[in-house]
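The values are calculated or read from the model by the stated rules, or taken from the named source; none is laboratory data. Keep in mind that this is a model prediction, so the values were computed, not measured. Cβ placement follows ideal geometry from the backbone for every residue including glycine, while neighbour counts extend to all protein chains displayed. All accessible areas refer to the heavy atoms of the entire protein, side chains included, with ligands and DNA or RNA removed. Shrake-Rupley method; radii C 1.70, N 1.55, O 1.52, S 1.80 Å.
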Amino acid sequence: MKSESVMIEGRNAVMEAFRSGKTIDKLFVLDGCQDGPVQSIVRQARKQDTIIQFVSKERLTQLAQNQNHQGVVAYAAAYDYASMEEMLQKARERGEDPFLIFLDGIEDPHNLGAIIRTANQAGAHGVVIPKRRAVGLTATVAKTSAGAIYYTPVAKVTNLSSAMDELKAQGMWFVCADMDGDLMYNLNLRGPIGLVIGNEGEGVSRLVREKCDLIASIPMRGQIDSLNASVAAGVLAYEVVRQRMSVRT
């Protein structure tokens, strides 16, 4: 974790990171510490919905790179996040219907990086990930994206279902990948669309699936019944591309 995100140690440094608006993915705090400055940091973290873990002194010392952590260690995103509005603005500037890729709990940084790379090549306007139980923008993600991370915005949201509701109110509709769905070639994947890809092991969660307007299945001809998450994202993203191109021709 240390090599794949920016670690910030010490009360003043951590508080300034919060005040500057930097995205803090996770905060580790000495369990039982009641010092005023530390409690102020915890309050700030809660305001920003940062994941907080209260740990022992031994664990905190193990996490820290030096012994002057003063009871707090934070991990900040290695790369900046965007907002969904910035993604929609990008679509407007291109004169295109919005095309976003929503990732429901992708945990492997290589998968996230590969999906960002595919999103860039498929012309998606952005990738949306949840704040909890999912990998963020680490150095490994950036490397796997082959530079796409600098061109394709990634938004991190507190609740994926709520974010989908917000966009549905603006006319976007959603399709998720699931082997029990309708064959993707038989679905209309044009217009303002959000493509939802599930967790590597469990797929799309029930709450997120219920928000989807369509369920798309990818034809399988082999002996196993699933694809890697990044491969599934690529196959479906390019079906969206194919259908959009057929409208223009």
* Structure fact -> Restricted to the range 202-245 and to residues being more than 25 Å from residue 123 (Cα to Cα) and among the aliphatic types (A, V, I, L, M), the residue modelled with the highest pLDDT is 207
* Asked: Could you give every pair whose Cβ atoms fall below 7 Å, whose first residue belongs to the range 52-69 and is aromatic (Phe, Trp, Tyr), and whose second residue is surrounded by 15 or more Cβ atoms within 10 Å (Cβ to Cβ), counting only separations of at least 6 or pairs across chains?
  -> 54/29
* Structure fact -> Taking the range 1-34 and keeping residues out of contact with any Asp or Glu (no Cβ under 9 Å at 6 or more places or on another chain), part of a loop (DSSP other than H, G, I, E, B) and either open to solvent by less than 30 Å² (accessible area, probe 1.4 Å) or at pLDDT below 90 (or both) leaves 1, 10, 20, 21, 33, 34
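If we keep just the residues of the range 83-115 that are charged (D, E, K, R) and under 17 Å from residue 234 (Cβ atoms), which is modelled with the highest pLDDT? I'd like the intermediate steps shown before the answer.
Narrowing the range 83-115 to residues charged (D, E, K, R): 85-86, 90, 92-94, 96-97, 104, 107-108.
Applying the additional criterion that residues be under 17 Å from residue 234 (Cβ atoms) yields 104, 108.
Values: 104: 95, 108: 92.
Among residues in the range 83-115 that are charged (D, E, K, R) and under 17 Å from residue 234 (Cβ atoms), the one modelled with the highest pLDDT is 104.
Criterion first (within 19 Å of residue 114 (Cα to Cα) and in contact with a strand residue (DSSP E or B) (Cβ under 8 Å, 6 or more places away or on another chain)) does residue 204 satisfy it?
So residue 204 passes the test.
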* Structure fact -> Of the residues in the range 55-90, those that are farther than 30 Å from residue 227 by Cα and open to solvent by less than 30 Å² (accessible area, probe 1.4 Å) come to 55, 60, 63, 64, 69, 71, 72, 73, 74, 75, 76
* Do you know which of the residues in the range 203-220 that are within 16 Å of residue 130 (Cβ to Cβ) and among the small types (Gly, Ala, Ser) is surrounded by the most Cβ atoms within 10 Å (Cβ to Cβ)? -> 203
* Selection within the range 169-190 - farther than 18 Å from residue 235 by Cα and in contact with an Asp or Glu (Cβ under 7 Å, 6 or more places away or on another chain) -> 173
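Kindly provide the set of residues from the range 134-160 that are among the small types (Gly, Ala, Ser), within 9 Å of the chain's Cα centre (by Cα) and in a loop (DSSP other than H, G, I, E, B), ordered by number. Break it down stepwise before answering.
Of all residues in the range 134-160, those among the small types (Gly, Ala, Ser) come to 134, 136, 139, 142, 145-148, 155.
After this cut, where a residue has to be within 9 Å of the chain's Cα centre (by Cα) as well, the list is 134, 136, 155.
Passing the criteria: 134, 136.
Hey, among 230, 162, which residue is touching a His at 6+ places or on another chain (Cβ under 8 Å) and hydroxyl-bearing (Ser, Thr, Tyr)?
Just a single option satisfies the conditions, and that option is 230.
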* Do we have residue 171 as under 16 Å from residue 101 (Cα atoms) and either open to solvent by less than 70 Å² (accessible area, probe 1.4 Å) or at pLDDT 95 or above (or both) here? -> yes
* Asked: So, of the residues in the range 146-159 that are within 19 Å of residue 237 (Cα to Cα) and in contact with a strand residue (DSSP E or B) (Cβ under 6 Å, 6 or more places away or on another chain), which turns out to be surrounded by the fewest Cβ atoms within 10 Å (Cβ to Cβ)?
  -> 155
* Could you please find all residues in the range 91-114 being in a helix (DSSP H, G or I) and surrounded by 18 or more Cβ atoms within 10 Å (Cβ to Cβ)? => 91, 109, 111, 112, 113, 114
* Subset of the range 221-231 that is of a type in the set (S, T, N, Q) and surrounded by fewer than 19 Cβ atoms within 10 Å (Cβ to Cβ) - its residue that is nearest to the chain's Cα centre (by Cα) -> 228
* Structure fact -> When the range 35-54 is checked residue by residue, the ones that are in a helix (DSSP H, G or I), surrounded by fewer than 17 Cβ atoms within 10 Å (Cβ to Cβ) and in contact with a helix residue (DSSP H, G or I) (Cβ under 6 Å, 6 or more places away or on another chain) are 37
* To do: Could you tell me whether any residue of the range 45-60 is at pLDDT below 90 and touching an Asp or Glu at 6+ places or on another chain (Cβ under 6 Å)?
  => no
* Tell me, which residue of the range 174-202 that is under 15 Å from the mean Cα position of the chain (by Cα) and of a type outside the set (Asp, Glu) is surrounded by the fewest Cβ atoms within 10 Å (Cβ to Cβ)? -> 199
